[in-house]
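Okay, so here's the structure we're looking at.
The values are calculated or read from the model by the stated rules, or taken from the named source; none is laboratory data. Worth saying up front: this structure is predicted, and the values here are computed from it rather than measured. Every residue, glycine among them, receives a Cβ derived from its backbone with ideal geometry; neighbour counts consider all protein chains shown. Accessible surface areas use protein heavy atoms only, side chains included; no ligands, DNA or RNA. Shrake-Rupley method; radii C 1.70, N 1.55, O 1.52, S 1.80 Å.
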Amino acid sequence: MNELLQQILNGLSLGAIYALIALGYTMVYGVLRFINFAHGDVFMVGAFSGLYLFRWLKPFFDGGRWLLAALVLLGAMLISATLGVLVEWLAYRPLREKPRLTVLITAIGVSLLLEYSAQLLFGAAPRGFPSLVEGGAIGGIGGLHASNVQVLVFLVSGALLFALRFIVMRTRIGLAMRALSLNPTAAALMGVNISVVISFTFGLGSALAAAGAIFYASLYQAIDPFMGVLPGLKAFVAAVLGGIGSLPGAALGGVILGVVETLVVGYSKELGIPPGYRDAVAFVILILILLFKPSGLLGKNHREKV
Amino acid sequence: MSESKSLLELSGVGIRFGGLVAVSGFDFSISTGELVGLIGPNGAGKTTVFNIITGVYAPSEGAVRFSGSSINGLAPNKITAFGIARTFQNIRLFSSLSVVDNVRTALNLHLQTGMFGALWRGRKFREEEHRVRIEALELLEIFGLAKMADAPCRSLSYGDQRRLEIVRALATRPRLLLLDEPAAGMNPTEKVELMKLIRFTQERFGLAVLLVEHDMKVVMGICQRIAVLEYGRKIAEGTPSEIQKNQRVIAAYLGEEVVDA
Amino acid sequence: MIRSKSVLFLMILLSTVVSYVFTGHPEPSWPIAQIDDYVLNIIVLAGINITLAVSLNLVNGHTGQFSLGHAGFMAVGAYASAWLTQVRGKEFLAALHFCDAAAPVVAFLLATIFGGFVAAIAGFAVGLPSLRLKGDYLAIVTLGFGEIIRVVIQNTDSLGGARGLTGVPIRTTLGWTFAIAACAIYVAASLVKSTYGRGFLAVRDDEIAAEAMGINATKYKVTAFVVGAFFAGLAGALYAHFIGYITPEGFNFLKSVDVVVMVILGGMGSTAGVSVAAVGLTVLNELLRQAEQYRMIAFALLLIVLMILRPQGLIGDPVRWFKARRANR
């Protein structure tokens, strides 16, 4: 029983990371109706920014480890947000009226560009990622263990989710985002500056992905130029699972996916599924959800008008 | 009217999208040789009725029968095979294909040779391809489009594109033709042309024609019978002159206060 | 119409003859046969890539679906054929003992066709559930299927697992490669050039209108998937018996992207353009082998710039281009 709870706890921290990435997919889908294939690579850039920020800033912070961690996190989020805005501006904006497939192909191009540029800059070999906070497990309740990093993941992702909810539900720009996702033409007619809102959405999503990247790197302690591919795809699955376009859905989907994946690996013997199938779990879920409930758990149904 | 069995028969048909009742308790029938109009204010459910008949939506209740057999919930392509063809409110031609290929595609339904025929290219296949092209060209000729047969369909004028849509629908060899707002976007001269065209098509091919149209002149001018929808229910049915005098129809179109006045 | 069929037979005959001349079967007999191994490699790879690109074009170009899982079908073909010739190689050869000296070649051909069929079954399995999806969703699901195929192979010890399968007998010749490429081109071209085949294009242009014209869009889409997967399987089998060593990683998502790039560069829906692009990119790949790091960056930039400036592809339809030139004169 305890082991099960421990596995679920581990799954939740992984799920929180998927949720952070999935929010970016779902927000961009909400305003532009397309899947930003390069999102996973913005995630990767977030991790590398974190690594270099840590190295540069470390000499200035002897004792204040928490402050350093906070600065690295914020810096990485800022860099990724800038990258996200830049990518949208350079690659996607010229294609705004083009078929979605054209944009999808461009996104694949952007994804490859980021991956191989990173490989050129940082090398193909995995790099170690420092522990931002002192390691060691906190002996939790009833023999459950949560590492410092896991606790940090829960607290900060929770805070970020609340901040996001505040931005989307309580601010003018959030209102504009919602208006745009409901009806772009009407939003434009009501004076919403679509370009600004789209840029903001990309920035916001990319910043969340960077936060996810810092946590992911802290948990696995290694990063490489292709690290964004699988978490990116899985986060997309999480977004679809929750219902693409729905923010609570993305968060829920991420958490479910993280838990299921961890449980499949943790109980691979009992389930008769080799642990090597870990990376296939997400895709099986994706195929099942698209077959049986394509609108996702919390999404709305869309019909094509005839 | 009741001496011959009707071709299409809808009884108690209704459909709901979530909580919204789009059409309910709709009874309707049409026989071969009839030209019937379906009218109603915006959002009354006219196109939804079309989509139920053609299988785009499956009705939540009621029965749809076509020449004696139930076509409830069949896939659109199956329903077309039964002999129901349609045009679309917003033109939906196959934009990358030529004019004649648009028509040929609709003849696909009646092909004897399939994929392996296309690969083997034997005599039977070549003869059939020849026949299909001749039939498509003949249809185009009837509607004065044969000259443009090999032009890309995008290059046609708006009116010709509408006509091509009708030709394409006829190529499926239907017994019932559904026209969804064919006069939309046309000027008065084009509308007169269209009315002639519809009547001609109906007589030439011995069809039943069901017409959804906003333009009262067109509907009143050519339909023998008109059914009126409001909020998904049929509020009136009759000859054009009966409909023009019907108080409920006038109210539906112009608002209640006019009736009071 | 009859001409195109004879052209196919002529091409197959020609490539078989060429294969005997160049690869020297059993031994090079003519001086002309002393073709550089390096060049020969590129030519064979180009042939395999033509098969891949033309078959993907049937799905992505003609039918308007977007598959990102072509490498998965290639993997199925490669592993299924190698299973016959390597894993069960001895038994399989023994079963074919009545073919005498030709047994290895017969085994290779049967294995290749087997690879194609297994891949076609996989294509059916992928195509059927994917049909409800469009555009980017379909892309991700096919990508997911490709990854699942890879993960399954990686975890199957009898297929070598993650380490891959070595010692696949080297049997692929120039002739077989181009015979299969010619078949792929013929099938794609003649399938589309018929009243039946216009259905693929109709489904691409407007699925709802196609259904309303009595076209069974589902059937067309599955057919495209199955035929596309069949040829991808053949290409995989050729590849396995050309390199002699296959790993699951060799058929990952990036390989699928490679093929997608060929189709896009060649112009979606143009069999001729896509074939030219497949050859061009194969050669370019080899030329840039020294600068591997820059190669993918260049590809990526090319994709982005192309989509902004010329989404219909670089090459388009060379056949139409030549016709137009002749007509202008």
Whole Å is fine, so just give me how far the alpha carbon centre of region B:1-47 lies from that of region C:89-132.
55 Å
So if R0 is 30 Å, what FRET efficiency would A:LYS98 and B:ASP150 give, r being the distance between their Cβ atoms, rounded to the nearest 0.05?
0.55
Rg/Rh of region C:2-252 (Cα atoms, Kirkwood Rh), to two decimals, equals 1.00
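What does the charge dipole of the protein assembly as shown about its Cα centre add up to, to the nearest 20 debye, if the Cβ of each Lys and Arg holds +1 and the Cβ of each Asp and Glu holds -1? Before the final figure, lay out each step's value.
Details: 74 positive and 57 negative charges, 226 e Å.
Magnitude of the dipole: close to 1080 debye.
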Reduction of at least 50 Å² in accessible surface, 1.4 Å probe, comparing all protein chains with the chain by itself, residues of region C:95-140
C:ARG132, C:ASP136, C:TYR137, C:ILE140
Quick one: if you stick a label point 7 Å off each Cα along the C-beta vector at B:PHE116 and B:THR239, how many nm between them?
5.8 nm
Loop trypsin sites (Lys or Arg not before Pro), region B:76-136 (other Cβ atoms within 10 Å of the site Cβ: 12 or fewer; DSSP)
none
For q = 0.10, 0.12, 0.17 Å⁻¹, Debye-computed log10 I/I(0) when each Cα of region C:152-284 counts as one equal scatterer:
-0.43, -0.61, -1.05
For A:THR82 paired with C:VAL105, estimate the spin-label separation in nm (one decimal), with each label point 7 Å from Cα along the Cα-to-Cβ line.
6.4 nm
Taking alpha-carbon centroids only, region C:177-201 lies from region A:17-60 a number of Å equal to 43 Å
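Taking 10 °C and 1.306 mPa s as the conditions, I'd like the Stokes-Einstein D for region A:27-125 in µm²/s, using the Kirkwood hydrodynamic radius from alpha carbon pairs. Don't jump to the answer; show the numbers that get you there.
Details: Rh = 14.9 Å.
Diffusion coefficient, whole number: 106 µm²/s.
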Tell me, what is the FRET efficiency for A:ARG170 and A:ARG65 to the nearest 0.05, using R0 = 45 angstrom and their Cβ-Cβ distance as r?
0.85
What is the Cα convex hull volume of chain B when expressed per residue in Å³?
146 Å³
If you scale each eigenvalue of the Cα gyration tensor by 5 and take the root, what three semi-axes come out for the protein assembly as shown, rounded to whole angstrom and sorted largest first?
50, 41, 24
Taking Lys and Arg as +1 and Asp and Glu as -1, residues besides A:GLY203 with C-beta under 15 Å from its C-beta add up to 0
Principal axis dimensions, region A:236-298 - Cα atoms, whole angstrom, descending
36, 21, 15
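Once R0 is set to 60 Å, what does the formula 1/(1 + (r/R0)^6) return for the Cβ-Cβ distance between C:ALA162 and B:ARG199, expressed as a FRET efficiency to the nearest 0.05?
Details: r = 72 Å, r/R0 = 1.20.
Efficiency, rounded to the nearest 0.05: 0.25.
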Candidates B:GLY37, B:GLY238, B:GLY19, ranked by Gaussian network fluctuation over chain B, Cα under 10 Å, top entry:
B:GLY19
Distant-in-sequence amide H partners of A:ALA146 (H built 1.01 Å from N, under 5 Å)
A:ILE138, A:GLY140
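How big, on average over all directions, is the shadow cast by the Cα convex hull of region B:96-173, in nm²?
Working: hull surface 20.0 nm².
Mean projected area for region B:96-173: 5.0 nm², to one decimal.
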Treating only Lys and Arg (+1) and Asp and Glu (-1) as charged, each at its beta carbon, one finds that chain A has a dipole about its Cα centre, in Debye to the nearest 20, of 880 debye
With θ taken as phi - 60° and the coefficients 6.51, -1.76 and 1.60, list the Karplus ³J(HN,Hα) couplings across region A:204-210 in order, rounded to whole Hz; mark glycine and proline as x.
4, x, 5, 4, 5, 4, 5
Projected label distance in nm at A:ARG55 and C:LYS134, using a 7 Å step from Cα toward the beta-carbon
4.8 nm
In order over region B:181-193: 3J(HN,Hα) from phi, Karplus 6.51/-1.76/1.60, θ = phi - 60°, whole Hz, x for each Gly or Pro, gives 6, x, 8, 4, x, 9, 8, x, 5, 4, 5, 4, 4
Apply the Karplus parameterisation 6.51 cos²θ - 1.76 cosθ + 1.60, with θ equal to phi minus 60°, to every residue of region C:171-183 and state each ³J(HN,Hα) to the nearest whole Hz, in sequence, with x for glycine and proline.
10, 5, 10, 3, x, 4, 4, 7, 4, 6, 4, 4, 4
Residues meeting the amide H criterion for B:ALA236 (H placed from the backbone, H to H distance under 5 Å, 5 or more places apart or on another chain) are B:VAL228
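Give the interface area between chains A and C as buried accessible surface, both sides summed, probe 1.4 Å, in Å² to the nearest 100. Mind showing how you got there, number by number?
On the way: alone 15360 and 16850 Å², together 28520 Å².
Heavy-atom accessible area buried at this interface is about 3700 Å².
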Please build a GNM for chain B, connecting alpha carbons under 10 Å apart, and tell me which residue among B:LEU176, B:LEU109, B:LEU38 fluctuates the most.
B:LEU109
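What's the magnitude of the charge dipole for region C:2-252 around its Cα centre, counting Lys and Arg as +1 and Asp and Glu as -1 at the beta-carbon? Answer in Debye, nearest 20. Working shown, then result.
On the way: 14 positive and 13 negative charges, 103 e Å.
Result for region C:2-252 is approximately 500 debye, rounded to the nearest 20.
Of A:LYS98/A:LYS234; A:LYS293/B:LYS234; B:LYS5/B:LYS234; A:LYS234/C:LYS219; C:LYS219/C:LYS255, which pairs sit farther than 25 Å apart, going by alpha carbon to alpha carbon? Could the numbers behind the result be given before it?
Values: A:LYS98/A:LYS234 27 Å; A:LYS293/B:LYS234 34 Å; B:LYS5/B:LYS234 22 Å; A:LYS234/C:LYS219 30 Å; C:LYS219/C:LYS255 27 Å.
From the list (A:LYS98/A:LYS234; A:LYS293/B:LYS234; B:LYS5/B:LYS234; A:LYS234/C:LYS219; C:LYS219/C:LYS255), the Cα-Cα distance tops 25 Å for A:LYS98/A:LYS234; A:LYS293/B:LYS234; A:LYS234/C:LYS219; C:LYS219/C:LYS255.
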Taking the solvent-accessible surface of protein heavy atoms with a 1.4 Å probe, what is the per residue accessible area of chain C in Å²?
41 Å²
Okay, helix-only estimate at 222 nm for chain A: each DSSP H run of n ≥ 4 adds -39500 (n - 2.57), divide by all residues, round to 500 deg cm²/dmol; what do you get?
-24000 deg cm²/dmol
For the pair C and B, the solvent-accessible area buried on both sides (1.4 Å probe; DNA, RNA and ligands excluded), in Å² to the nearest hundred, is 2800 Å²
With a 1.4 Å probe and every protein chain left in place, tell me how much accessible area C:TYR79 has, in Å² to the nearest 10.
10 Å²
Tell me, what are the semi-axes, in whole angstrom and largest first, of the equivalent ellipsoid of chain A as set by the roots of 5 times the Cα gyration tensor eigenvalues?
30, 24, 19
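Once fully extended, how much extra length lies between A:TYR267 and A:PHE292, figured as 0.36 nm per residue of separation less the alpha-carbon to alpha-carbon distance? Present the calculation step by step, with values, prior to reporting the outcome.
Values: separation 25, 0.36 × 25 = 9.00 nm, distance 2.58 nm.
Full extension of this stretch gives 6.4 nm more.
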Would you tally the net charge around B:ALA183, using a Cβ to Cβ cut-off of less than 11 Å, leaving B:ALA183 out, and scoring K and R as +1, D and E as -1?
-3
Please report the spacing between the Cα centers of region A:151-186 and region B:182-261 in Å, no decimals.
49 Å
Which of C:ALA46, C:ALA212, C:ALA82 moves most in a GNM of chain C, Cα contacts under 10 Å?
C:ALA212
